[in-house]
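One structure is given here, and the rest of the page talks about it.
What follows draws every value from the coordinates through simple rules; no lab data is involved. All values derive from a computational prediction rather than experimental measurement. Every residue, glycine among them, receives a Cβ derived from its backbone with ideal geometry; neighbour counts consider all protein chains shown.
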């Protein structure tokens, strides 16, 4: 196997008419990785906080999610009301996170919650989000014990609780937050960035919702 | 996949005579390309982002060995494994052995052009392992035993009715005995059938849109979420990626993502962009226990440093084919192998040889739309021209074309004779009547007029004589 490795690397170097990177070139390349230069960042990814929240909500709705702006105390009630409005079962798998545990779910007597990852029979998932990206109305989910990935994917309906303060302008802001949380070059095992419900354009180029992931996505944007 | 690129002309005849295909292709113009135009207009920074995307890929290619080694180092530190595959056969063997190590009977497969390039499905099937395509388009064509006809919309050549017939034929045994008429019902049925296959699969195999050297992450961009189920539910996740997919940092990824979805489908963002970094970690409730990345070369390292290097910038968005008048007329299958359209016309001779695929670069009007929409600004017409030259040098061009060119060259090198002859031809053509402005049939020119009209020469003489008069008048 190491023979295959050196065969590929040597062919690359021969084609580029040089040996292994060394000296100043190597230093420059290492420096580029250590402090990554920014590309052009769209103006719309650089709004002040209030504008960011508004833009996030707009793009999320354009991308077929529904959005409700609520206070933290209102979250359990809004979740129960959303499920009732859409004739969905009042039963959900919920991410075992301290953020969600801190909400008053007991106030909703009919809502039946199970903490943990999702299984095939779950119809509804409730999760938090690591961040929201205003630029495209995109949610960022970081995997870990408090956020199993299956919750983002298996159930038909995904209800997401997102704090206003976690809505950032563009992708670059998310990378900054990931580095701050997981260390430089560190990453959660899986980062799912999700823009609206699952969809496909594979039949006659017409977008249809609910291909393999959730058909419905409801985002609760929580005021601070 | 067995190439039929050598039979390009026959493939084209077949494609032009297929009413379902022509019906489907008619939707390309109002579909992807119109949506791309709108998305580009909505983002004032789009052109600057394309420049940056080109520069990032150029930088990554110029330091490819360095970034691949960095990527490997990070993946290993995360508890994953990296396998190096110089050839398609190497990659097939590595993947088969990995599947066998899990005792795999089925593999949930997310759309991968590289997997088609190395004919992975056939290899797994021969070893008794069933690869299950989970991208809706790939699933449809797998049921129909067809190759993909587009790099991001593999079933774009089919109409809804054809899909309905295919589902009825294959799903009836599962209890779905009604022929469906609505697109959303077809999607729902495929979702139901495939969900169980995801849950049963022993291995998930995906491609990668990008690899990040900084973090050791592999990036998957989909709308359906099928790649995510493939890399979350089975116990092993195998990433198959070609070596030119590596880019330095997350910031570079941000730029490339901003041009990818807009160029491909005209979306602001695809529904799912996923960064996977290694296997399941302590405390995780789900995710694969084993994480392997197979890096495929298959000739790419030899393209570096040559006049063809620009082709390695490609991020497989499909914009070049969505905007190509030739692709729009003949579809993807006529190209005869994995990669159709302008990018296919450039890549295919590179990957399977100019002897087999030398005719593909001739299938271009050189209108330049492909280059004008390419998010990483690959000069596709220039690269096609390069292949035409190679084809000519190797005497692969048909005799009639070579003789015609030689004859033209003889006169072109003798300007006085050339002017006399073209003047004569101009007058003779006028005798055939130029009232209509074009000829439907001409003696000795049947090869041309069988498929298109020849424009009649306009009054005022040849270009040379008009030019001479204009210069004289000044």
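Could you calculate the FRET efficiency of residue B:42 with residue B:145 from 1/(1 + (r/R0)^6), where r is the beta carbon distance between them and R0 is 45 Å, rounded to 0.05? Rounded to the nearest 0.05, the efficiency is 0.65.
Note on residue A:35 and residue A:73: with the Förster distance fixed at 35 Å, the Cβ-Cβ geometry gives a FRET efficiency of about 0.25.
Using a Gaussian network model of chain A in which every pair of alpha carbons under 10 angstrom is joined by a spring, one finds that among A:23, A:165, A:210 the greatest mean-square fluctuation is at A:23. Per-residue shielding of B:84-92, expressed as the average number of other chain Cβ atoms within 10 Å of the residue Cβ, stands at 3. Calculate how steeply helix B:463-473 sits against the longest principal axis of the alpha-carbon atoms of chain B, using the helix alpha-carbon long axis, and give the answer as 0 to 90 degrees to the nearest 10. With both axes taken from Cα atoms, the answer is about 60 degrees. Averaging the sequence gap over all C-alpha pairs within less than 8 Å and six or more residues apart, then dividing by the number of residues, gives segment B:415-473 a relative contact order of 34 percent. The Rg/Rh ratio for segment B:375-474, using Cα coordinates for both the radius of gyration and the Kirkwood hydrodynamic radius, is 1.06.
Inter-chain Cβ neighbour count for B:52-64, averaged per residue, equals 3 (cutoff 10 Å, partner chain atoms only).
Relative to one another, the C-alpha centroids of segment A:64-128 and segment B:1-49 are positioned 43 Å apart.
Put a dot 7 Å past the Cα of residue B:93, heading toward its Cβ, do the same for residue B:122, and the two dots end up 1.8 nm apart.
For B:189, B:169, the sequence from fewest to most other C-beta atoms within 10 Å is B:169, B:189. With Rh defined as the Kirkwood radius, the inverse of the mean 1/r over Cα pairs, the Rg/Rh of segment A:32-142 is 1.05.
Sorting the Cα pairs of segment B:220-307 by distance into bins of 5 Å, from 0 upward, gives 3, 12, 17, 19, 21, 17, 9, 3, 1, 0, 0 percent per bin. Of the beta bridges in chain B, as assigned by DSSP with both residues counted there, near 30 percent are antiparallel.
Every helix of 4 or more DSSP H residues in chain A counts as -39500 (n - 2.57), and over all residues that averages to -9500 deg cm²/dmol at 222 nm.
Hydrodynamic radius of segment B:289-420 by the Kirkwood approach over all distinct alpha-carbon pairs: 16.4 Å. A viscosity of 1.306 mPa s and a temperature of 10 °C, combined with the Kirkwood radius over Cα pairs in Stokes-Einstein, give a translational diffusion coefficient for chain B of 65 µm²/s. Of the residues A:118, A:81, A:28, the one that moves most in a GNM of chain A with alpha-carbon contacts below 10 Å is A:28.
When chain A is treated as a GNM with alpha-carbon contacts under 10 Å, the residue of A:121, A:35, A:107 showing the greatest mean-square fluctuation is A:35. Counts of other chain beta carbons within 10 angstrom of each beta carbon in peptide B:245-252 average 5. One way to sum up the overall shape of segment B:43-301 is the equivalent ellipsoid from its Cα gyration tensor, whose semi-axes run 30, 23, 17 Å, largest first. The convex hull built on the alpha-carbon positions of segment B:139-183 has an orientation-averaged projected area of 3.2 nm². Cα centroid distance between segment B:282-357 and segment B:380-432, in Å? Each part reduced to its Cα centre gives a spacing of 33 Å.
Here segment A:123-224 carries DSSP beta bridges of which approximately 40% are antiparallel, counting only pairs with both residues inside.
Expressed as a fraction of 2.2 N^0.38 Å, the C-alpha radius of gyration for segment B:175-248 is 1.41. Summarised in one figure, the compactness ratio Rg/Rh of segment A:46-222, Cα atoms and Kirkwood Rh, is 0.95. Taking N as the residue count of segment A:16-95, its C-alpha radius of gyration divided by 2.2 N^0.38 Å amounts to 2.03.
For the protein assembly as shown, the spread of Cα coordinates along the three principal axes comes to 96, 63, 60 Å, biggest extent given first. Note on segment B:306-362: Cα-Cα pairs beyond 13 Å make up 57% of the total pair count.
Cβ crowding within 10 Å, taken as a proxy for footprinting-reagent exposure, orders A:222, A:119 from fewest neighbours to most as A:119, A:222. Only beta bridges with both residues in segment A:46-222 are counted; by DSSP, about 30 percent of them are antiparallel. Each of B:102, A:217 was scored by other Cβ atoms within 10 Å of its Cβ. Listed from fewest to most, they are B:102, A:217. Could you tell me whether segment B:104-201 comes out rounded, prolate or oblate from its Cα gyration tensor? Rule is a ≥ b ≥ c as square roots of the eigenvalues, rounded for a/c under 1.5, then prolate if a/b exceeds b/c, otherwise oblate. Here segment B:104-201 falls in the oblate category. At an R0 of 22 angstrom, the distance between the Cβ atoms of residue B:193 and residue B:20 translates into a FRET efficiency of 0.40. Placing one identical point scatterer on every Cα of segment B:415-473 and ignoring solvent, what is log10 I(q)/I(0) from the Debye formula at q = 0.14, 0.17, 0.18 Å⁻¹? Debye curve over Cα of segment B:415-473, log10 I(q)/I(0) at q = 0.14, 0.17, 0.18 Å⁻¹: -0.45, -0.63, -0.69.
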